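Participant: Right, I'll just put the structure down here and ask away after.
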Amino acid sequence: MNLAVVLVSPKTPGNIGAAARAMLNMGARDLRLVAPRCDHLDSGAVAMAVHAADLLREARLYPTLREALADRDLSVGTTARLRADLPAPQHPGHLRPLVRAAAAPALVFGPEETGLINSDLEQCQVTVRVPTAEYASLNLSQAVLLVCYEFLQGVDELPERTRKTATREEMEAMYGHLHETMRLIGYTDAVRARHTLRLWRAVLDRALMSSAESRLFRGLLRQVGWKVEDAARRGPAALPPSQGPEPTEGTP
């Protein structure tokens with residue numbers, strides 16, 4: 001499986017090295033670091049990596065999570081907490097068929113002190129929580145080991161893959177376009193825009209759109225934008241009587 005492990009803003013070299021070792025144990029080799037706060041080739045990292053030192057040397061560095069996920073078609077965030085406005089994390093076993101059916105999945109892990117923040121989790125289609133006892137805090141390398149095990153070494157047979165989903169870059173571009181269109185037509189405002197977009201993300205991410213479907217959706221958004229601009233150019237007289245400014249029930 002072409003599985004990438006993405007560490008967001010890791011703090012200590014030892015944790016990066018131990019995470020690389022956990023990846024090698026489970027058969028993952030694509031390590032991606034987003035804005036690391038330390039040298040991932042530090043002697044402490046290499047010592048903790050043991051035989052996975054090559055993974056450290058081959059690791060790719062990115063300034064943002066969006067860039068790290070750009071070529072992925074599925075992103076799975078990790079969290080131990082419920083978040084308002086975000087889908088609840090799922091058991092790894094429930095997500096295993098989805099991850100194995102993806103062509104280029106990514107597992108995303110947050111900083112050691114805080115885990116992933118909401119803006120990071122917004123960029124993940126689904127989230128996963130490792131079942132634990134009451135004390136749910138895992139060391140970064142422990143989390144990498146357990147989640148990689150679930151998705152790479154689990155006993156379920158690989159389901160037949162029938163379609164290729166859009167990359168995260170394509171989806172993020174679509175969400176940016178959707179945000180602009182919502183503001184353009186007055187569907188939301190600056191105060192409520194983030195919450196509203198989160199709700200739409202949850203709906204559209206569940207659809208697992210293909211690249212062609214994401215382009216189809218953006219085509220609709222472009223037509224909406226053109227129609228609004230055309231109406232603005234021609235003035236109120238251009239609008240049919242049925243298109244008056246009537247409120248729409250349930251509009252955020």
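The values are calculated or read from the model by the stated rules, or taken from the named source; none is laboratory data. Being a predicted model, the structure only gives us computed values, none of them experimental. Every residue, glycine among them, receives a Cβ derived from its backbone with ideal geometry; neighbour counts consider all protein chains shown. Accessible surface areas use protein heavy atoms only, side chains included; no ligands, DNA or RNA. Shrake-Rupley method; radii C 1.70, N 1.55, O 1.52, S 1.80 Å.
Participant: After finding the eigenvalues of the alpha carbon gyration tensor for the range 1-150, what semi-axes result from the square roots of 5 times each, listed largest first in whole Å? Could the numbers behind the result be given before it?
Facilitator: Numbers: eigenvalues 98, 52, 47 Å².
The answer is 22, 16, 15 Å, longest axis first.
Participant: Let me ask something additional. Determine, for each peptide in 118-127, 38-47, the mean count of other beta carbons within 10 angstrom over its residues, then list the peptides with the highest first.
Facilitator: Details: 118-127: 20.2, 38-47: 16.5.
By packing density, highest mean first, the sequence is 118-127, 38-47.
Participant: Shifting gears a bit: Note down the nm distance, to one decimal, between modelled labels 7 Å out along Cα→Cβ at T132 and at D230.
Facilitator: Placing both labels 7 Å along Cα→Cβ, they lie 5.6 nm apart.
Participant: Could you compute how much accessible surface T64 exposes when probed at 1.4 Å, giving the result in Å² to the nearest 10?
Facilitator: Rounded to the nearest 10, the figure is 60 Å².
Participant: Please compute the modelled spin-label separation between A70 and R192, points set 7 Å along Cα→Cβ, answer in nm with one decimal.
Facilitator: Result for the modelled spin labels: 3.5 nm.
Participant: Using a 1.4 Å probe on the protein chains only, how many percent of the accessible area of the chain belongs to carbon and sulfur?
Facilitator: Values: 7490 of 13350 Å².
That fraction is 56 percent.
Participant: So what does the Cα-only Debye profile of the range 101-237 read at q = 0.10 Å⁻¹, as log10 I(q)/I(0), no solvent term?
Facilitator: Debye output, listed in q order: -0.49.
Participant: For the chain, find the longest principal axis of its Cα atoms and tell me its angle to the long axis of helix 193-206, 0 to 90°, nearest 10.
Facilitator: Once rounded, one gets 70 degrees.
Participant: For N118 and L82, calculate 0.36 nm times their separation in residues minus their Cα-Cα distance, and state this gained length in nm to one decimal.
Facilitator: Working: separation 36, 0.36 × 36 = 12.96 nm, distance 1.06 nm.
Additional length available on full extension: 11.9 nm.
Participant: On to the next question. Once you've got the GNM for the chain with C-alpha springs shorter than 10 Å, pick whichever of L152, L33, L74 has the biggest mean-square fluctuation.
Facilitator: L152
Participant: If I compute Cα Rg over 2.2 N^0.38 Å from the structure I just sent, which labelled value in (i) 0.92; (ii) 1.18; (iii) 1.30 lines up?
Facilitator: Here the calculated entry is (ii).
Participant: In Å², and per residue, what accessible area does the chain have when probed at 1.4 Å with the other protein chains present? Provide the component values of the computation, followed by the final result.
Facilitator: On the way: 13350 Å² over 252 residues.
I get 53 Å² per residue for the chain.
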